Amino acid sequence: ESTSAVSPGTISTLYKFNVIQPTANDAGVPRPRSGHRTFVDNDFLYVIGGFTDNPDNTILRELWKFNLVSHTWTCCNIPQDFPNTLASFACHSSGNGSFMVYGGTGIPF
C-alpha cells in the first residue's frame, strides 16, 4: 500500500508494510544469513545459500521456501551436486520452482 503527496517540485511516497509472522513447523525457520539470494515463484518465496559468521564463517548449502499463503517455511532437499559457492552469486527464476545459479563465492572469501 502506498500513498503519495505531491507538491510543486517534490514527490513524496510513503509505503506501509504489514509484517507476516511465519509459523514454525518441524523444519523450523532459516538461520540468519548474508550473501544469500531470493526469488518468488507462484505462492512461494525461495531463499538460497548465503553464509553465517555464527559460530564461524560457514556457507549455507540450503534451499528454503516460504509459503506466502500459509506463512510456513519448508527446508527443501537438495541434490548432492548442489553448488558449494553459495554466497554472493547470481540467481534467476525460470518458473515453476526452477532456477539457475551462476558464479558465487565460497569460504574463504
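The values are calculated or read from the model by the stated rules, or taken from the named source; none is laboratory data. Given the structure is predicted, the values throughout are model-derived calculations rather than measurements. Positions of Cβ are generated from backbone atoms using ideal geometry, with glycine treated the same way; all protein chains shown enter the neighbour counts. What goes into the accessible areas is simple: the full protein's heavy atoms, side chains included, and nothing from ligands, DNA or RNA. Shrake-Rupley method; radii C 1.70, N 1.55, O 1.52, S 1.80 Å.
Taking residue 40 as meeting all but one of (1) in contact with a strand residue (DSSP E or B) (Cβ under 6 Å, 6 or more places away or on another chain); (2) on the phi < 0 side of the Ramachandran plot, write down the number of the exception.
Tallying (1) in contact with a strand residue (DSSP E or B) (Cβ under 6 Å, 6 or more places away or on another chain); (2) on the phi < 0 side of the Ramachandran plot, residue 40 fails exactly one: (1).
Among (1) over 15 Å from residue 43 (Cα atoms); (2) in a loop (DSSP other than H, G, I, E, B); (3) of a type in the set (A, V, I, L, M), which single condition is residue 100 missing?
(2)
How about the range 50-86: which of its residues are under 15 Å from residue 34 (Cα atoms), out of contact with any Lys or Arg (no Cβ under 9 Å at 6 or more places or on another chain) and aliphatic (A, V, I, L, M)?
Once the filter is applied, which keeps residues that are under 15 Å from residue 34 (Cα atoms), out of contact with any Lys or Arg (no Cβ under 9 Å at 6 or more places or on another chain) and aliphatic (A, V, I, L, M), the range 50-86 yields 59, 63.
Would you call residue 61 in a loop (DSSP other than H, G, I, E, B), of a type in the set (Lys, Arg) and within 13 Å of residue 106 (Cα to Cα)?
In short, yes.
Could you check residue 97 against (1) of a type in the set (Gly, Ala, Ser); (2) touching a residue at least 12 places away in the same chain (Cβ under 8 Å); (3) farther than 20 Å from residue 35 by Cα; (4) open to solvent by 50 Å² or more (accessible area, probe 1.4 Å) and say which number it fails?
Looking at each condition in turn, residue 97 falls short on (4).
Answer yes or no: is there a residue in the range 101-109 that is of a type outside the set (A, V, I, L, M, F, W, C) and within 14 Å of the chain's Cα centre (by Cα).
no
Would you check which residues across the range 73-90 are open to solvent by less than 40 Å² (accessible area, probe 1.4 Å) and out of contact with any Pro (no Cβ under 7 Å at 6 or more places or on another chain) and list them?
76, 82, 86, 87, 89
Considering only residues that are outside any strand (DSSP E or B) and either of a type in the set (A, V, I, L, M) or open to solvent by less than 60 Å² (accessible area, probe 1.4 Å) (or both), which ones fall in the range 27-42?
Scanning the range 27-42 gives 27, 29, 30, 33, 35.
Yes or no: residue 94 assigned to a strand (DSSP E or B) and out of contact with any Phe, Trp or Tyr (no Cβ under 7 Å at 6 or more places or on another chain)?
Yes, satisfied.
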